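Worksheet for the structure shown next.
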Amino acid sequence: MKYTIAVLVENKPGVLARVASLFRRRGFNIESLTVGVTERDDVSRMTIVVNGDEKVLEQVIKQLNKLIEVIKVSDITKDSVERELCLVKVNAPPEKRGELVELTNIFRGRIVDVARDSFIIEVTGDEEKINAFIDLMRSYGIKEVARTGKVSMVRGAKK
């Protein structure tokens, strides 16, 4: 199962390297990792997706809590809002542009760049939506894909 962990850390150089090193030493694979400053300049938020069972999750949380720079660790797998951003550069010959615009609109995406022979399309949503859009674009010829990884926040009152 995939678990989503939110980690609040001190916003200092080297913290990301220490967190990644912890995963490497324990043999855990990071499926997705996003990091950004929070509402406080001195605190960053890491959203980490890890694959495993409950024992793996428990071990990851215990190990993260041992790091000095870690402020708070939360399992936010359940009852959270999750989103991912994806940019897809796709072949866009003149005869296919209308279709591509329609499909982009169906997925509530945006065309953010137009070149002579390609579009760059921005799509946001959950992992399944992003995967479905990418699968659909394959028939047009994908040139490049860039994904942010999951960002997630618990619904309701701040935890």
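Data for the structure
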| read-out | value |
| --- | --- |
| Total residues in segment 104-150, condition touching a strand residue (DSSP E or B) at 6+ places or on another chain (Cβ under 8 Å) and either assigned to a loop (DSSP other than H, G, I, E, B) or in the same structural domain as GLU39 (by TED's automatic domain parsing) (or both) | 9 |
| Condition check for ILE130: under 16 Å from LYS89 (Cβ atoms) and in contact (Cβ under 8 Å) with a residue 12 or more places away in the chain | yes |
| Residue in segment 26-33 that is of a type in the set (A, V, I, L, M, F, W, C), touching a helix residue (DSSP H, G or I) at 6+ places or on another chain (Cβ under 7 Å), closer than 30 Å to PHE133 by Cα and surrounded by 11 or more Cβ atoms within 10 Å (Cβ to Cβ) present | yes |
| Odd one out for VAL114 among (1) over 21 Å from VAL151 (Cα atoms); (2) touching an Asp or Glu at 6+ places or on another chain (Cβ under 8 Å) | (2) |
| First in segment 79-95 and in contact (Cβ under 8 Å) with a residue 40 or more places away in the chain, second anywhere and in a loop (DSSP other than H, G, I, E, B) and surrounded by 20 or more Cβ atoms within 10 Å (Cβ to Cβ), Cβ under 7 Å, 6 or more apart | GLU82/LYS150; GLU84/LYS150 |
| Enumeration of residues in segment 112-135 that are buried (at least 16 other Cβ atoms within 10 Å of the Cβ) and either hydrophobic (A, V, I, L, M, F, W, C) or more than 25 Å from LEU33 (Cα to Cα) (or both) | SER118, PHE119, ILE120, ILE121, VAL123, ILE130, PHE133, ILE134 |
| Subset of segment 43-58 [more than 23 Å from THR148 (Cβ to Cβ) and either charged (D, E, K, R) or exposed (fewer than 15 other Cβ atoms within 10 Å of the Cβ) (or both)] | ASP53, GLU54, LYS55, GLU58 |
| Number of positions in segment 15-52 that are farther than 18 Å from LYS66 by Cβ, β-branched (Val, Ile, Thr) and not in a strand (DSSP E or B) | 1 |
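The values are calculated or read from the model by the stated rules, or taken from the named source; none is laboratory data. Here the structure is a predicted model, which means the values were calculated and not measured. All Cβ positions, even for glycine, are placed from backbone atoms using ideal geometry, and neighbour counts span all protein chains on display.
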